[in-house]
Every structure is written in C-alpha cells, then in structure tokens.
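Student: Just dropping this structure here.
We did not get these values from a lab; they are worked out from the coordinates using the rules stated. In this text, all values refer to a predicted model and were calculated from it rather than measured experimentally. Using ideal geometry, Cβ is built from the backbone for each residue, glycine included, and neighbour counts are taken over all protein chains shown.
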Amino acid sequence: MTIQQTIKYDAERDRNFPKEIMARHGCEKLYGCIQCGTCSATCPVSTYMDHTPRQLMALTRAGFKKEVLSSLTIWLCASCYACTVDCPKEIKITDIMYALKRRAIEEGVYPKRFPIPILAREFFKMVKNRGRITENELAVRMFLQSNWFAMMKTWRLGLNLMRTGRFSIKPESMEKPEKLASLFQGGSR
Amino acid sequence: MEAKVNVQQSGNGKFEPRIVAFFCNWCTYTAADLAGVSRMKYAPNVRIIRLMCSGRLDPQFVMDAFAKGADGVLIGGCHPGDCHYVEGNYKTLRRMDLLKRMLKDLGIEEDRCRLEWISASEGDKVKSVVNDIVEKVRALGPLNMPGKFKDWDKEIEELDGKVQAQDEEQAPAHVA
Amino acid sequence: MKFTYFPGCSLKGSGRAYEESLLAVCKQLGVELEELDDWNCCGATAYMAVSERQAFGLAARNLALAEQQPHELIAPCSACYMVLKKTQKYLVEYPQIGQEVHDALSRGGLKYAGTAGVRHPLDVLVNDIGLDAIKKQVKMPLKGFKVAPYYGCQIVRPYADFDDQHNPVLMDKLFKALGAEVVKYPLKTRCCGGSLTGTLPEAGLGLSFHILREAQRRGANVLATVCPLCQFNLDAYQRDMSNKFEPVHMPIVYFTQLMGLAFGMDAKTLGLQRGIISIEPLLKKQEVAA
Amino acid sequence: MKEQSNGDIRIGFYICHCGTNIAGVINVKAVADYAAKLPGVVVSRDYKYMCSDPGQALIQQDIKDHKLNRVVVASCSPLLHEHTFRNALEGGGLNPFCLQMVNIREHDAWVHEPGEPATEKARALVRAAIKRVALQKPLEKKETKINRDVLVVGGGIAGIHASLTLANGGMTVYLVEREATIGGHMAKFDKTFPTLDCAACILTPKMSAVGENKNIKLWTYSEIVKVEGFVGNYKVTVKRKPRYIIEDLCVGCMKCVEACVYKEGRTEDDFNEGLSKRKPVYMPFPQATPPVVLFDPEACIQLKTGKCKKTCVEVCDRKAIRFDQKEELVEINVGTIILATGFQTFDGKRLPQYGYGVHPNVFSAMQVERMVNASGPTEGHIKLKDGSQPKAVGIIHCVGSRDNRTNRWCSRVCCMYSMKLAHLIKQHTDAEVFNFYIDIRAPGKGYEEFYERLQEEGVHFIRGRVAEVTDWAARKEEEGRLVIRVEDTLAGFVRRIPVDMVVLANGLEPQADSQDVRRMFNISCSTEGWFLERHPKLAPVNTFTDGIFIAGCCQGPKDIPDTVAQAGAAAAEAYALINAGVIELEPNTSYVVADDCSGCKTCIPLCPYTAISRDEVKKKAIINEALCKGCGVCVAACPSGSIYQNLFSDEEIFSEIEAVIG
C-alpha cells in the first residue's frame, strides 16, 4: 500500500472565500459556528457525505475553497432543513449549502457526470423553456447525461408509472412560457 | 464665549446635527456607561447631560436647548414601573405630551424631540436610539432657532421703527 | 370558504392522485378551490442551486398572481409550500434581493406586495374547517386502518407555523377523527431522501427504507403523507428497497385520500388506483367493518 | 447667580489619559489647551492616570498653590470615580461638592472612533462642566443612620451563609424563605464536585446552625410582598403562608403523617423531583429546617371539604395542628437587604428532540441527583422506570445552555455536575457512561483534575451536541433501547449509540418571577433576568440601590464555592454599612425658597416620599430634607420656580445646556 502525506499550507487558503459566502443571503452567521456537530447529527444524509456539514462549515470558514466546492456534501444536501432549525447558533446551514452549490456551478468545479448538479441544471433549463416541470422527462434527461445504464434499471418504475397513469405523455407547460422572460434577465445569481 | 449660530459641519461638509440628551442617573446614564464598557460605536453628535431622574426634566430645558441651537433633544429614563424614584418617569411622560404640542406650535418637527425608556442593561439600545435620532435629525436638516430668533428680532425692530415714525409725524400738531 | 389553488408540477404529474383526492374532499367540505391561472414552477429545491434571484423570482411571480385574487393561496406540495413561504420571508428580510425581484416582475408587468397568505391544505382542513365539521362527514370510519402519519420535512420546517417542528400532531388528530388507529411514530419528520432517491439511490433508498420499516414494525398497515415527492419515494421504490435491505410492503396514501375514504367516496375518484403498492386489501377490511 | 458674576472663581481642570483608553481616541493635549483659555480656569493639566495617588496629589497641590475653589476632572464615569475625586478635594481642603466630572471615557473615547469628532465632543462636554462648576456651591454632607437589622431573602446556601456570617457578627437577621424549609437546591444533592464530599454533611450542620442561632429570625414558607424606604431604613412586609401548624409547638415527630387517613402519598413530591409521592401532611425531607410539618391545602381532605376523621389531630400530643390558621402579614424594619433568591433549572420539555416526558427513561439531572441520594426515592439506587439497572447511560451536556433558541449563556456548573453524576452512576451501577459535550468547562480549583480522574475511570467523553434521543432501532442491538444520534466531532463521523438511560444536564435560568422581585426591591436586571451588579468587577455584590446586595445564582449561574464566596462578600458589605452606623447621602436634595413660594400645593402630591408638607400658618411648602431622595420632580413642577435642587439647580443645568451646544 502507498502512504500519502496530508498537511495544509497557508498558501492553499483563500482568505476572501468565507467573506464571499457570508455576503450571500442567509449565510451571515457562519462565523458563529461552535463546531458542536448538531447539523451533522440531525442531517439524514450526512452519513453519505465526504465531509460532514460541520466539517464543511469549518473548511469554509478557514477558506479552503477547493475542498469545499469539490465536496460531494453540498450536492447531497436534500434541503430538509433539519440542521437549520436545530443549530444552536441559528446558522442557516441549508442556505449556506445553496450558496456553495451556486458558487461551485459558477466555478464549474462540481463533479462531472454526477447526477445531482445535472438534475439541477436540467431542471433550470426546463423551467426556463416551459415554465413547468415534467418529472419523467426530467428524470430521463438526467439519466442520459449521468448514467444511462442506471436508467435501464428503472424500466420497471417507468412501466409502473404508466400502468398507474402517473406518467405524463404530453409535457406539462405554461401556455406562454415567454412570460417568464423578465425573470431571467440580468444573468443568474 | 457667545453661542455660535452657524450650522456645524463635519470634515466632508456634511451637516452634523447637534443633539442634547438628558439621561436619568439610574437607568439610561448607566446604560450609556455600559455601551461604553462594551465598546459599542455610535454617532458622536449627542451630548449627554445627567439628571438624577427624568422627572427632573423641566420642559424649559428642552425649549432652551432648541433656543440655544440644538437640532434635536433626546430624553432617557427608566422603563415604566422601574423608576428609581418610584414614579418620576410617569411625570416625565405626562409633561412630554404637553411639550410635544408646544413644539408643534413652534413648527419644530416631532422627530427632533424624543423620549426613550432605556434600562441599565440596555447599552445596545442607547446605541441604536442615538444613531436613529441622529439620522432622523440629519434628514430634517438644521433647525437653527438662534438664526430664526435673529430674523424675528429684525422684523420687530423694523415694526418699532415704523411705529416711531408714525408717532413723530403726529407729534408736531400738538406743539404750541 | 374559497381558496386560490396552486397545484405545482407534481400534482399534474406523478402526484395527480393528490390533486384528485384534494379536490374531491374539499368539494365535500364546501371548500372551493380555484386553480391559479397561468402559474409557473415554484423553483423547488433544484432551482435555488443555480440562481437565487431567479428562484425567488419564479416563486414571487406566483405570489404576485395570487395577490390579484381575494383569497388565500393553498399549496399542497411541501416543496411549493415551503418555497413560497420562504420567498415571502426573504424578500422582506433582504431588501436588496427584494428590490431585484420586484424590478424583474414589474418588467413583466406584475406587482408584488407580499400580501398573499400561503396555506397548506392540512392546516386549512384541520384548523379552519375543524375536526368537528370533518367528523360530521365521516360515513365509513377507517376501521382496521393502522396509520403511520408521515409529515416529512418541508411542511413543518423551517417556515411553517401551523404545527410543532419536532413533533407535529395535526394528522394524528385528523386520522383519529376519521376513526383510524394512529401508530406512535418517531420518524414523522425525518427526510424521505427527496430527489436523492432518484439521483443517488444508494443514499436515498436507505432513508425511505427506514421510514417504511419502522412504520411496519410499529404495526402500521398504511402510511399517510402530505407531499407528492414523499409519496413517490416511499411508494415507487419499495421493490428496490426490499431487494437491497429487508422486505417492506405498505400502501402509501395522501392524507386527503384517507379523508375521502372515510367520507365514503369511491377509490377511483380519490385516485387510489394510482398507488403502485395496492391498497385493495385494506379497503376490503373497511367494507367488512362498515 | 451672584457668585457667578464675581471673579473669584478659580477652576482647576484635569484631563485623564486613562493609559490609552482616552488618549488613544481623544487629543487630550488639545482639550487641555482649549480648557486653559476658558473663563475661570487657572490651571489646566493632562495626566496619565488621574485616579492614581499622584494624580490626586496633583489636584491637592494645585488647590494649595493656585488657591483653586472649583475642580473639573475629565476622565471616566462619575458613577465610577466621583467619590474618589470628591475625597481628593476634601483632602486638599476644598468642599467635595465643588467638583464636576466629565465622562469622556464611557461616553466618548469608548464609543467613538479616534479623531476630531471625538475630540470636539470632549471639548463641548468640558466647556459645559467648566461653565457649570462655577455655579456649584459648597454643600454640607448629608448622612442617615443605618438600622442594624438585616433582611436576607432566600434560604439556599447563599442565604444561609450570609445570614450566619452576619448573625455570628452579632447582627439581627431576618431570613425569609418561600419554601417550607431552607436548604435550596443544594439540599437535594448527594455529593458535591470535585471533592465528592456529601452535600448533606456540609449543608445540614449549617442549616441547623441557622435554626438554633438566636440572632436569626427564620421565616420559612413566607414571601416578601412589599418594600418601602431606602438605605438604612427599609420597611418590608412579609407574607407568612399558613402551614396549619403552630411552628413553635411542632417537634417534627411525624406521628400526624403516619396517622393521616391517606395510607399512601398521592401528590407528586417536588423535593424528589416527582420521583415519589407524598401525603397531604408532610415534611419536605428528614433534615428540613425548621423540622416542622405542613399541610397541603390542595390535598388535605379536612382543608378541602372539612369532612375528615382528622386522625392527625388525635395523635398530635403537642396540639400543634390548626386547620383555621390564616396567612398573616408582618412588617419589619431593616437597614440593609441581601437578595439570594437563586435560580431555576431549564425544563427539558422545551427541547422535544430529547424526549423528556415522552421516553420514560429520559431523566433530568436533578432527578438523578435524588436517585443517587441515599435518602432519596430509590435509596440511592440508579433505576430505570421498570426497576432494572441501566447498562449504558448517556449524559447530554448544555441542555438549554449555549443555545440561541433557548438560553444563550453557559450555565457554568453542568460540565462539572455531569462528570460528578457520571462518576456516581458508574460507582452505583458499573454501567458504561457517555458524556456528550460541546466543550468541557472545568475552570476551578481541582476541576481539571477531576476531569482527568473521570477519564481514567473509563467514562466516555464524546465531543458533539446530541441531535436526538429516539426509540426507533436501525439495528438489532438498538431494539428496545434509547438511541442517541450524535456526531463524534473529534472522530469525524456520525454515531448512533444505544443506551438504557439518558440524563439531561439542564442549564440554570433566572427564577420565573425575577422581574417582579427586582421591581419590588427597585434594582436592575439583565434582559435575561439575572440581577444586575453595580459593577461587574469592582462592585459584584452591590446593586444600583444603596443597601441592597445580591449573592449567589440570582446574579448569574455559579457553583457552590463562588456562591458562598459571594454570600460572604454581601454580608461583609452589609456589615461595613452597619458598622459605620451612618451612610453618607448625596446632598442633592431640594429646598423651598419661602419668599417665592405661592403655596399652590402643586408639589405636595408629586413627592413619592411625602417629604413635602405645607406650613398652614405661613401658607408655604416645606421640604423635609431627611425624607427627600433628590429626584427633583418637584423642582421641575414648581410653577413659581421657588424649589431648588442642590447640585442640579436650574441655572446649573441651563449653563450646561448652553455650553454643551455653543
């Protein structure tokens, strides 16, 4: 087996990163974190994360931007808000996760072929074009770009949905999606 | 040294309101001390005058402050029920209504004179209240009563002048 | 009583049984629902990950449309409900984003004041209509129904204000009123996995599985939800869960479907045939009892 | 007025650097130069520390050399050092009230950024003080006699210690306790950290000492309902609730309790934190002081219906039982008051995720204290609700502490008492014990050593705030047990730990009625409800009201050693006042200039101390300066302007107003 050294040098730190994140809505209290781990323990998916939410707070606060933005953690957050309602320092961790997701997309550092950011992007596109979501179509698009093999395995699910009439044949849409145009002006943030 | 009537300006030429504060010794003055001990930063425009109780506040003090050139007046006392002297602050409250009406008649905006209950533990409230009144008064601009008085005096002198003139016209008729 | 109805995408898709049963039950209780004209996707959780301002904008547009109606807005999908509430809150708390959204909307000829009341049907039916009025409608008490009340995440936290965040009870009360037995259920508010079940089955399935197995262990024979995504995750993947972990088998219904059943409506009107795990066996029990 | 006009006003001005506290923000030299040019100023100096001896000597020297008759000191708040400088003036042979202080530290340097605006403000304040001081007149010192009797409110360890200290010094002490016995929370403990000596062994001797001390009038089951007067002469009304027993007759033989028609207790016993039941007639606990029983009107049949066999009366050979006893109001006069009203513990139900009140085997720390106590409900055995012994116990720290959603503060004792309980539980049951903590706070003599000892005993310390206590099992070994879900933050992953018993280390809170109490005694209170000390460092047991002192947890969470230390300090402060016999009062009282008084009587109803009366012969108002507290309400109200207030006369204030703006 090979051994590898882990040590962080101060040069790897982005001093502005924490300030940048705290400037986003809902992220103000990041510096108040006391590292108690309530967020990690209330989080239903923390057990699947590469860094627990608490660790992510510490990394963000310390300015280890690369580690944070390339972490799976931010994409695993299911937005159930359990951490946010229980944090003893009233840190809105869910909002911080959103801010980090957006930052990761801006920087284009999110894991490639990883379904969740793809879902987010496809969702984004579909809403822009039709103003509404057609779930099954969304799923198909996501699978095609992430792991088409996985989709093969969901054929049964597809059948079930059709059998129970829950599979939308015609795409769901607003009559005039262009009405949303004004919302999409001025770039995304 | 005579009271300057010119409007106080800060370095950047921005109007800097002058605000006189009357704080009761037991609650609000102590709260202001606490704000200091806690190193809270607030606008330097307020000059605090200590009274033992807000009940000591004679409405004349407020009028005088405006007359001498204050742009705003802040009065601080203990919360109702907490007065160190049992009920001095209720007396203040009652006088305040009267005072407010007088100021209105004089054309002095309501925001220029303010009564606040601030307890000894509320240093942060001192900070927010001071900053708030400073901003409100800044927005209203200079009051400059001394200036106004000067103008009024001038009018009156002119008036007197006219009256005298008339008297003199009529005077000769009676001679001889 | 009348409300403006915001279905959201799911209730037009995989969750249409929710819409069917909600409309039927409300009709029965004299609650009029008028679908919000020209509504758009609320933005859900995915959109916020791409653009905050646009996400708030999408939600705000629906609120702006709703304001033109004299009634409160009713949003059955947990995600829609939470997003709409959050939007109202944030546009006030953060004037800057509020202004941006306001401008974006007015460019599209809409005005947003933030005055529209946003309600969840569970709140409306239990608190406004009231359990007594509901009891009056019960023709076929849910004998033999052992219900696990599953609230999920986003209708109790963080912006909902009609029930306890850690131990909500409205559904418990409701089902007792419908003559069902309610099992003591500690996973009431635990996340079902949300979109993870589709995107990362290895993570999502586990979450849904525990929710089902615990309900099973506690003797429940049906699990009731308030959210189309919860319903979908818990209903559609039971086969995969059984293969991956232990066998689980339980019909997953919307609370409105249970109300409908108790009101004596027939399964089809309530969209019960849309459940991938069939509820038939349980319905038989009820008929026997009645 | 006259005094102002003549030129013999000679003012000395002194501005203090206070190290860099003031000089770092305000240009003190500039202010000193400015002051030197102001009318009446003959010397103007700046100095590093005016309050130091050399600083004071400087003033005294100038008084001699320059024949100063007025002094202005620009430094910190008068509430802090006015006394110091008044003494300095007196030492220099000047009347102490010819001093005016300018608060340029708390009200200027500490609240503004360095620079011209701060300095400009200092100039304005100094200008005002110098203009005003010229008008100040020499005044007589005012004194009042101190009544030697002391009231101590609260019979916990703080109240007990303060009372004994004073009583042993020969003072008469009224110790008033709301409960039926003294002892407070400490009486419920088994052992005390970190020494593990038994609480009863160190407390009960003090309790009985109180009971026996001739100088202590012990009134339990009593509450203060009214406080009037002021330092040296407080008039206090005490409500004595009926216990339906003549205290002096009862010897605590407990025969009545045995004879009660209730064979079994039916009321939750709050002394045992609800872990046992008591009868309608009961003694809170065996060593209760006074050792007297009482009846619970809610439970006693005779008191509820008047239809009881009264078996208790039959057996009482002391004839001490009185069902017709009524509550009575007693008035006492004291010179000083010590408040030791203690705290309440956080209610675990407020954090539903921990399942207190839902899962039977989730206990509060106080309940476990009672359990491990040999005289407690389980005779010192740690038992689960089903009577069995736990094999694993989880102790959750910081319940209702360090949490912005409940209480922000650290309760200071929970870490230590949790470790104490961990030790005792291990000792009694040999169970595996887990401590879940955010940070271990052991900042006391022998505390860190105790922590070390616990670690050596094999108690687990897991750094993480518990998210939930639940009874759903993810795995076989969890079934039928309580599961604690927590992130082991040091190991870096989430853990599920099955235990049989959970202990909530509930934090400390102000008493629910602390706001009413502090109103009654006219003292201040932090927003959370802790009584406010006069100065956090220099006057920790004084309040802003002279003659009223605070001790123990009513001022903030603290452990027994700190509480006892504070109680001693409060006693010493009271003793100092009493021993002086008199206290100097501010001479800022008001007086009427009879010639100008129209006798309109406006002022009379305004005075809260009824110090103003009317001389019916001369038809003039007169102020009794002994009663006047110097609020100045009458001065402001007098239509003829015939009432003046020492140190706060109208012209003094007007001059201040003019100069502060000009």
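Student: Once you average over the residues of C:203-212, how many Cβ atoms of partner chains fall within 10 Å of each Cβ? Don't jump to the answer; show the numbers that get you there.
Tutor: Numbers: counts 8, 5, 0, 5, 6, 0, 0, 4, 2, 0.
Counting Cβ atoms of other protein chains within 10 Å of each residue's Cβ and averaging gives 3.
Student: Shielding of C:164-170 by partners, i.e. mean partner chain Cβ atoms within 10 Å per residue?
Tutor: Numbers: counts 1, 6, 9, 4, 0, 0, 0.
For peptide C:164-170, the averaged partner shielding equals 3.
Student: Just need the relative contact order of the range C:149-218 here, percent rounded to a whole number, with Cα pairs under 8 Å and 6+ apart. Don't skip to the answer; put the middle values down first.
Tutor: Details: 68 pairs, mean separation 20.8, N = 70.
In percent, rounded to a whole number, it is 30.
Student: Tell me, what is the FRET efficiency for A:Ile3 and A:Asp50 to the nearest 0.05, using R0 = 30 angstrom and their Cβ-Cβ distance as r? It would help to have the intermediate numbers written out before the result.
Tutor: Values: r = 20 Å, r/R0 = 0.67.
The computed FRET efficiency comes out at 0.90.
Student: Would you order D:Ser388, C:Ser278, D:Ser418 from fewest to most other beta-carbon atoms within 10 Å of each residue's own beta-carbon? Could the numbers behind the result be given before it?
Tutor: On the way: D:Ser388 9, C:Ser278 13, D:Ser418 28.
Going from sparsest to densest Cβ surroundings: D:Ser388, C:Ser278, D:Ser418.
Student: Still on this structure: How far apart, in nanometres, would the label points at C:Asn127 and D:Asp516 be if each is projected 7 angstrom from Cα along the Cα-to-Cβ direction?
Tutor: The modelled label-to-label distance comes out at 3.1 nm.
Student: Can you compute the FRET efficiency between D:Lys29 and B:Glu109 using 1/(1 + (r/R0)^6), with r the Cβ-Cβ distance and R0 = 51 Å? Round to the nearest 0.05. Mind dumping the intermediate values first?
Tutor: Numbers: r = 40 Å, r/R0 = 0.77.
For D:Lys29 and B:Glu109, the calculated efficiency is 0.80.
Student: What size of dipole, in debye to the nearest 20, comes out for the range A:115-184 about its Cα centre when the only charges are +1 on Lys and Arg C-beta atoms and -1 on Asp and Glu C-beta atoms? Intermediate results must be reported in sequence, preceding the final value.
Tutor: Working: 13 positive and 6 negative charges, 18 e Å.
For this selection, approximately 80 debye.
Student: Right, another one. Roughly speaking, what is the stretch gain from D:Lys263 to D:Asn168, that is 0.36 nm per residue apart minus the C-alpha to C-alpha distance, in nm to one decimal? Could the numbers behind the result be given before it?
Tutor: Working: separation 95, 0.36 × 95 = 34.20 nm, distance 4.36 nm.
29.8 nm is the gain from fully extending D:Lys263 to D:Asn168.
Student: Also, I was wondering about something else. Please compute the modelled spin-label separation between C:Asn167 and D:Asn404, points set 7 Å along Cα→Cβ, answer in nm with one decimal.
Tutor: 2.6
Student: Okay, next question. How big is the antiparallel share of DSSP beta bridges in chain D, given as a percent to the nearest 5?
Tutor: Of those bridges, close to 50 percent are antiparallel.
Student: I would also like to ask the following. Mean separation of Cα pairs under 8 Å and 6+ residues apart, divided by the residue count of chain B: what relative contact order is that in percent? Before the final figure, lay out the partial values.
Tutor: Values: 260 pairs, mean separation 51.9, N = 176.
The normalised contact order for chain B reaches 29 percent.
Student: Let me ask something else about it. Under a crude label model (7 Å from the Cα following the beta-carbon direction), how far is A:Arg113 from D:Asp324 in nanometres?
Tutor: The modelled label-to-label distance comes out at 9.7 nm.
Student: Name the most mobile residue of B:Tyr85, B:Tyr42, B:Tyr29, meaning the one with the largest mean-square fluctuation, in a Gaussian network model of chain B with Cα contacts below 10 Å.
Tutor: So, out of B:Tyr85, B:Tyr42, B:Tyr29, the one fluctuating most is B:Tyr85.
Student: Still on this structure, please answer the following. Sort the following peptides by mean Cβ neighbour count (other Cβ atoms within 10 Å, averaged over residues), highest first: D:22-30, D:393-401.
Tutor: Numbers: D:22-30: 19.6, D:393-401: 27.0.
Ranked from most to least packed, the peptides come out as D:393-401, D:22-30.
Student: Here is a follow-up. Sort D:435-444, D:563-572 by packing, meaning the average of other beta carbons within 10 Å per residue, with the highest value first. Could you put the intermediate results ahead of the total?
Tutor: Details: D:435-444: 19.1, D:563-572: 23.0.
The densest-packed peptide leads the list: D:563-572, D:435-444.
Student: Can you pull the mean other chain C-beta count within 10 Å for peptide D:596-608?
Tutor: On the way: counts 0, 0, 0, 0, 0, 0, 0, 0, 0, 0, 4, 2, 8.
What the average comes to for D:596-608 is 1.
Student: Order these peptides, D:38-51, D:316-329, by their mean beta-carbon neighbour count within 10 angstrom, highest first. The partial results should precede the final answer.
Tutor: Values: D:38-51: 18.9, D:316-329: 13.5.
Per-residue Cβ counts within 10 Å, averaged per peptide and sorted highest first, yield D:38-51, D:316-329.
Student: Determine the shape class of the range D:344-509: with a ≥ b ≥ c the square roots of the Cα gyration tensor eigenvalues, call it rounded for a/c under 1.5, and otherwise prolate if a/b is greater than b/c, oblate otherwise. Intermediate values should be presented prior to the final figure.
Tutor: Details: a/c = 1.21, a/b = 1.07, b/c = 1.14.
Because its axes are fairly even, with a/c under 1.5, the range D:344-509 counts as rounded.
Student: Here is a further query. Report, ordered by chain and residue number, the lysines lying within cross-link reach of D:Lys217, taken as a straight Cα distance under 28 Å and ignoring same-chain residues fewer than 8 apart.
Tutor: The qualifying lysines are D:Lys145, D:Lys188, D:Lys206, D:Lys226, D:Lys235, D:Lys239, D:Lys241, D:Lys255, D:Lys319, D:Lys326, D:Lys558.
Student: Mind checking the range B:9-48 for trypsin sites (Lys or Arg not before Pro) that DSSP puts in a loop (not H, G, I, E or B) and that have at most 13 other Cβ atoms within 10 Å? Can you show the working numbers first?
Tutor: On the way: sites: B:Lys14, B:Arg18, B:Arg39, B:Lys41, B:Arg47; in loops: B:Lys14, B:Arg18, B:Arg39, B:Lys41.
Counting only loop positions with at most 13 other Cβ atoms within 10 Å, the trypsin sites (Lys or Arg not before Pro) in the range B:9-48 are B:Lys14, B:Arg39, B:Lys41.
Student: To continue, here is another question. Please give the FRET efficiency for D:Leu139 paired with D:Ala209, using the beta carbon to beta carbon distance and R0 = 60 Å, rounded to the nearest 0.05. Numbers along the way, then the final one.
Tutor: On the way: r = 46 Å, r/R0 = 0.77.
The computed FRET efficiency comes out at 0.85.
Student: Counting pairs of alpha carbon atoms under 8 Å apart in space and at least six apart in sequence, what relative contact order in percent does the range D:442-577 give?
Tutor: On the way: 163 pairs, mean separation 16.2, N = 136.
Computed over the range D:442-577, the figure is 12 percent.
Student: Taking every DSSP beta bridge that has both residues in the protein assembly as shown, what percent is antiparallel when rounded to the nearest 5?
Tutor: Details: 50 of 130 bridges.
Given both bridge residues lie in the protein assembly as shown, the antiparallel proportion sits at roughly 40 percent.
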